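The values are calculated or read from the model by the stated rules, or taken from the named source; none is laboratory data. These numbers were taken from a predicted model, which means no experiment stands behind them. Here the Cβ positions follow ideal geometry from the backbone for every residue, glycine too, while neighbour counts run over all protein chains shown. All accessible areas refer to the heavy atoms of the entire protein, side chains included, with ligands and DNA or RNA removed. Shrake-Rupley method; radii C 1.70, N 1.55, O 1.52, S 1.80 Å.
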Amino acid sequence: SLGAGAAADRYDRKALTIVAAVGWAVSTIGMALSATFNQVLGWRIVMGLFCAFSTPTAYTLINQRVPKDRLSLATSVYGTGVA
């Protein structure tokens, strides 16, 4: 996630979030269509890599778009949904 955080600082966070969501969805479909354990494992690794990009970008987008007095609630709701 350290590399994902650096990428979130350098590149468009909204685009990274979209790519992470699409990659996660494709990984989920890949796992569903897998026939062997190694295929499931491979798709799960890919999914983990895409998930690593979603968290830093999501928190920075929340920080940019949510008013400061509601920021704690917004990050708590997001964190609960991701956990």
Taking interchain pairs and intrachain pairs at least six residues apart, which have beta carbon atoms under 7 angstrom, with the first residue in region 56-71 and farther than 18 Å from residue 16 by Cβ and the second in a helix (DSSP H, G or I) and open to solvent by 40 Å² or more (accessible area, probe 1.4 Å)? 71/63
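Select from region 1-54 the residues that are of a type in the set (Ser, Thr, Tyr), at pLDDT below 90 and closer than 17 Å to residue 82 by Cβ and write down the one among them that is most open to solvent (accessible area, probe 1.4 Å).
The selected residue is 1.
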Selection over region 65-81 where residues are open to solvent by 80 Å² or more (accessible area, probe 1.4 Å) and at pLDDT below 90 yields a count of 0
Any chance residue 75 is in contact (Cβ under 8 Å) with a residue 40 or more places away in the chain and touching a helix residue (DSSP H, G or I) at 6+ places or on another chain (Cβ under 9 Å): no
